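Student: Quick one: structure below, then a few questions.
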Amino acid sequence: MSLLRAEYRKISRRKVFPVMTLVLITFVGLAAFFLFIFGEIAPEIADELPVLEKPEVYTVGAQQAVTQTWFPLILATVLLGGELSTTVWASALTRDSRRIRQLLVRFFTYSLATTIAFLFAFFLWVGLAYFFAPGEGFMETSEFLSIFWKAGLVAIAWSSIGTGAVAMLRSVGPAIGVGLAIYFAEQFLALWDVWENISLTAATTALFFVDIGGGFGGFIPGGDLPLWHQLAIIFGWTLVGLGFTWWGLQRRDA
Amino acid sequence: MADGSKAIVVSGLVKTYGKTEALRGLDFEIPSGQLTGFLGPNGAGKTTSFRAILGLTNPDAGDIEILGRQIPKGLPEVVKQIGVIVEEPGLIKSLNGRLNLLVAADTLGFGHDRIDEMLEFVGLTADAHRKADDYSKGMRQRLALAAALLGDPQLLILDEPLDGLDPAGQHAFRARLRDLANSGKTVVVSSHDLGDIEALADYVVVVNHGELVTQGPLADLLEGGGTRVKAGDLDAASNALKAAGFEFERDGEGLLIDSEDGESITRSLAEAGIYPSQVSPEKSSLENVFLGLTGLDVR
């Protein structure tokens with residue numbers, strides 16, 4: 001509990017989490033604005049935009065929010081990297097008898113914080129969609145509740161990539177660079193049939209897949225992956241990320 | 001209190017980074033219950049030594065023992081008994097002083113019962129509600145010291161803790177370090193300021209180029225500085241001393257005789273009819289000793 005309390009105090013009082021959450025919400029809000037509000041302002045481009053109607057629009061919102069996977073990646077990198085750069089915290093993380101607990105509590109905190117941020121963005125989308133999207137109805141209750149655990153899984157997986165990068169590189173800047181390189185490379189590789197079967201981006205997107213048709217829908221990877229396959233990919237990447245994190249933290253001379 | 005035991009024993013420590021030999025078979029011991037000054041010029045291997053001791057650097061060879069435990073295997077058992085300020089103190093600037101200590105206590109597995117006591121010890125009780133970002137450099141160093149002391153550690157390792165502090169801050173910090181050593185804790189301080197170490201330390205370890213230069217009680221290191229003679233007629237005094245077989249140097253302060261035998265020096269001068277105004281033991285300064293041992297040229 002004391003470790004959790006410490007992590008809560010650290011993350012709740014620092015600017016990085018609220019500022020990043022604001023950026024996330026802005027991105028998702030802008031996407032919502034262009035997809036189902038902008039057409040009202042500029043009807044000449046309305047034909048080129050996919051038509052998002054209720055209730056599918058809510059699932060699209062979840063997808064838009066939770067696929068902002070740069071968020072957990074950067075958040076975890078910055079928070080863990082900041083601690084590794086100071087001797088006293090690096091020593092606690094890597095040499096303390098409670099080092100496994102130290103790592104797990106931090107990882108849990110980063111993932112939970114990310115999940116909360118994802119949900120903020122999702123609920124912003126829900127609000128905008130409720131008032132501006134055409135159609136009637138809301139998500140099934142089971143689908144709505146599933147967003148919570150799916151967001152958590154995505155947060156865990158992408159946080160592990162961030163912690164793995166910074167634990168190996170022991171420097172926040174380069175680790176963010178590597179993390180973003182993975183993030184962007186994955187966006188493209190996920191469109192390749194072969195890679196799609198192991199792509200974390202595809203699995204992340206597929207968790208909230210809804211066929212909205214048109215050119216827009218054709219660029220959403222992972223639509224054919226069954227749920228068990230999506231979960232296996234996410235679990236596998238999480239293990240890889242955590243493995244690199246643990247290995248990186250046990251290295252000395254980093 | 002010093003009891004003859006050793007808090008840290010390092011033997012044959014070797015560490016190479018690429019082509020740079022940071023540590024070249026370094027041996028030293030830090031006695032328990034004393035304040036030890038850990039000295040060396042830039043690049044001597046001080047910080048590398050500290051990092052090896054804390055398990056953050058993997059030596060290529062050598063043994064390290066801390067509080068009776070072999071490192072790195074025994075480090076998890078002793079790490080809570082070591083308070084550390086090495087490189088950045090790791091304060092969270094957006095938190096106030098008290099919250100920083102709460103976070104440190106929770107993260108390091110200590111209770112909260114010593115927080116008020118440590119704030120008072122470092123003189124930050126009145127400023128505990130202020131953000132660390134608003135603290136001066138000296139206040140941040142004191143807060144870092146408070147955090148390092150939360151677990152009532154047996155051993156304190158402080159790397160350049162007085163760096164960047166103003167004179168008042170240095171004075172306050174030095175007083176606290178001395179109090180800690182007087183209370184029986186083992187305190188290891190590295191500093192570029194030899195005056196600080198001379199004022200503070202009981203024991204000194206001097207390293208250079210990754211090797212031990214010397215170690216021992218500070219008092220032993222500083223004795224043997226010769227005898228200072230001042231007289232109205234230094235030429236006559238020089239002749240008398242030369243005739244008596246003494247070796248000496250003449251400088252702006254008078255004559256510095258390479259001997260601690262004040263009685264013989266005085267007799268030689270008196271027999272020559274010279275009555276000096278001063279015949280006293282010349283204590284070496286740590287700066288002179290350090291420069292002499294490390295071969296550094298101040299010019």
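The values are calculated or read from the model by the stated rules, or taken from the named source; none is laboratory data. Note that the structure is predicted; figures quoted are calculated from it, not measured. Cβ atoms come from the backbone with ideal geometry, glycine included; neighbour counts cover every protein chain shown. Surface accessibility is based on the protein's heavy atoms, side chains included, excluding ligands, DNA and RNA. Shrake-Rupley method; radii C 1.70, N 1.55, O 1.52, S 1.80 Å.
Student: B:LEU212's amide H: which non-local residues (gap 5+, or another chain) put their own amide H closer than 5 Å, with H modeled 1.01 Å from N in plane and none for Pro or chain starts?
Tutor: Those qualifying (amide H under 5 Å, at least 5 residues apart or on another chain) are B:ASP27.
Student: As an exercise, identify the chymotrypsin sites (Phe, Trp or Tyr not before Pro) in the range A:112-167 lying in DSSP coil whose Cβ has no more than 14 other Cβ atoms within 10 Å. Present the calculation step by step, with values, prior to reporting the outcome.
Tutor: Values: sites: A:PHE118, A:PHE120, A:PHE122, A:PHE123, A:TRP125, A:TYR130, A:PHE131, A:PHE132, A:PHE138, A:PHE144, A:PHE148, A:TRP149, A:TRP158; in loops: A:PHE138.
Loop-located and lightly packed - A:PHE138.
Student: Could you give log10 I(q)/I(0) at q = 0.08, 0.13 Å⁻¹ for chain B, computed by the Debye formula over C-alpha point scatterers of equal weight, without solvent?
Tutor: The Cα Debye sum returns log10 ratios of -0.45, -0.92.
Student: What is the average number of partner chain Cβ atoms found within 10 Å of a Cβ in B:109-117? Present the calculation step by step, with values, prior to reporting the outcome.
Tutor: Details: counts 9, 1, 1, 1, 0, 0, 0, 0, 0.
Partner Cβ neighbours, averaged per residue: 1.
Student: When only C-alpha pairs under 8 Å and at least 6 residues apart count, what is the relative contact order of chain A, in percent?
Tutor: Details: 339 pairs, mean separation 65.4, N = 254.
The value is 26 percent.
Student: Between B:GLY62, B:THR214, B:GLY169, whose Cα lies farthest towards the positive end of the dipole of the range B:6-222 when Lys and Arg beta carbons carry +1 and Asp and Glu beta carbons carry -1, centred on the Cα centre?
Tutor: Result: B:GLY62, furthest along the dipole toward the positive end.
Student: Using amide H atoms built in the peptide plane, which far-off residues or other-chain residues are under 5 Å from B:SER32 H to H?
Tutor: Here B:ASP3, B:GLY4, B:SER5, B:LYS6, B:ALA7 satisfy the definition.
Student: Of all DSSP beta bridges in the protein assembly as shown, what percent run antiparallel (nearest 5)?
Tutor: 65 percent
Student: Quickly estimate the mean residue ellipticity at 222 nm for chain A, helices only: each DSSP H run with n ≥ 4 gives -39500 (n - 2.57), and the total goes over all residues, rounded to 500.
Tutor: Working: 13 runs with 192 residues, N = 254.
Estimated from H runs of four or more residues: -24500 deg cm²/dmol.
Student: Give me the percent of the accessible area of the range A:48-104 that comes from carbon and sulfur atoms, probe 1.4 Å, all protein chains in place. Mind dumping the intermediate values first?
Tutor: Working: 860 of 1600 Å².
Summing carbon and sulfur atoms, their accessible area is 54 percent of the total for the range A:48-104.
Student: Under 5 Å between amide hydrogens, which residues at least 5 positions from B:VAL84 or on another chain qualify, with H placed 1.01 Å from N in the peptide plane?
Tutor: B:ILE157
Student: In the Gaussian network model of chain B, springs joining C-alpha atoms below 10 Å, which of B:GLU21, B:GLU120, B:GLU271 carries the largest mean-square fluctuation?
Tutor: B:GLU271
Student: Now for a separate question. Which angle between 0 and 90 degrees, to the nearest 10, do you get for helix A:70-84 versus the longest principal axis of chain A when only C-alpha atoms count?
Tutor: Between helix and principal axis, roughly 10 degrees.
Student: Compute the length gained on full extension between A:THR141 and A:ALA232: take 0.36 nm times their separation in residues and subtract their Cα-Cα distance, giving the result in nm to one decimal.
Tutor: On the way: separation 91, 0.36 × 91 = 32.76 nm, distance 2.46 nm.
Length difference between fully extended and current span is 30.3 nm.
Student: Averaging sequence separations of C-alpha pairs under 8 Å and six or more residues apart, then dividing by the length of the range B:174-299, give the relative contact order as a whole percent. The partial results should precede the final answer.
Tutor: Working: 157 pairs, mean separation 33.5, N = 126.
Relative contact order of the range B:174-299: 27 percent.
Student: Could you order B:MET139, A:MET168 by accessible surface area, starting with the largest, using a probe radius of 1.4 Å?
Tutor: On the way: B:MET139 25, A:MET168 50 Å².
So, going from the largest accessible area down, we get A:MET168, B:MET139.
Student: For the pairs A:LYS54/A:LYS150; B:LYS73/B:LYS283; B:LYS73/B:LYS137; A:LYS15/B:LYS73; A:LYS10/B:LYS73, flag any whose C-alpha to C-alpha distance is greater than 32 Å.
Tutor: Working: A:LYS54/A:LYS150 21 Å; B:LYS73/B:LYS283 44 Å; B:LYS73/B:LYS137 36 Å; A:LYS15/B:LYS73 38 Å; A:LYS10/B:LYS73 30 Å.
Violating the 32 Å Cα-Cα cut-off are B:LYS73/B:LYS283; B:LYS73/B:LYS137; A:LYS15/B:LYS73.
Student: Sticking with this structure for a sec: Taking the Cα centre of the range B:85-183 as origin, sum charge times position over the Cβ atoms of Lys and Arg (+1) and Asp and Glu (-1), and report the length of that vector in debye to the nearest 20. Walk me through the numbers on the way to the answer.
Tutor: Numbers: 11 positive and 16 negative charges, 39 e Å.
Charge dipole, the range B:85-183, about its Cα centre: 180 debye, nearest 20.
Student: Let me ask another. Determine the share of chain B's accessible area contributed by carbon and sulfur atoms, expressed in whole percent, with a 1.4 angstrom probe.
Tutor: Values: 6040 of 13310 Å².
Accessible surface attributable to carbon and sulfur in chain B totals 45 percent.
Student: Normalised by the residues of chain B, what does the relative contact order come to in percent, with Cα pairs under 8 Å and at least six apart?
Tutor: Values: 561 pairs, mean separation 60.8, N = 299.
Rounded, it is 20 percent for chain B.
Student: Check cross-link reach from B:LYS185 to the lysines: straight Cα distance under 22 Å, and skip same-chain residues fewer than eight apart.
Tutor: Answer for B:LYS185, where 22 Å is the Cα cut-off: B:LYS6, B:LYS46, B:LYS80, listed by chain and number.
Student: With a 1.4 Å probe, how much accessible area is buried between chains B and A, both sides summed, in Å² to the nearest hundred? Write down the numbers at each step before the final one.
Tutor: Details: alone 14560 and 12640 Å², together 24700 Å².
Counting protein atoms only, the buried area is about 2500 Å².
Student: Once the dipole of the protein assembly as shown is set up with Lys and Arg at +1 and Asp and Glu at -1 on Cβ about the Cα centre, which of B:LEU194, A:PHE33, B:SER285 lies farthest towards its positive end?
Tutor: A:PHE33
Student: What is the range B:108-168 by shape, rounded, prolate or oblate, if you read a ≥ b ≥ c off the alpha carbon gyration tensor as root eigenvalues and call it rounded for a/c under 1.5, prolate for a/b larger than b/c, and oblate otherwise?
Tutor: Values: a/c = 2.08, a/b = 1.21, b/c = 1.72.
The shape class here is oblate.
Student: Give me the angle, in degrees from 0 to 90, between the Cα long axis of helix B:234-243 and the longest principal axis of the Cα atoms of chain B, rounded to the nearest 10.
Tutor: Orientation of helix B:234-243: about 80 degrees from the principal axis.
Student: Which whole-number percent of Cα pairs in the range B:227-282 have a distance greater than 15 Å?
Tutor: On the way: 484 of 1540 pairs.
Summing the P(r) of the range B:227-282 above 15 Å gives 31 percent of all pairs.
Student: I'd like to know which of B:SER268, B:ALA243, B:LEU149 lies farthest towards the positive end of the charge dipole of chain B, counting +1 on Cβ of Lys and Arg and -1 on Cβ of Asp and Glu.
Tutor: Of B:SER268, B:ALA243, B:LEU149, it is B:LEU149.
Student: Using all Cα-Cα distances in the range A:2-250, what percent lands in each 10 angstrom bin from 0 up to the longest?
Tutor: Spelled out per bin, shortest first, that is 7, 30, 34, 20, 7, 2, 0.
Student: Pairing the Cα long axis of helix B:262-271 with the longest principal axis of chain B, what angle in degrees results, from 0 to 90 and rounded to the nearest 10?
Tutor: The two axes meet at around 20 degrees.
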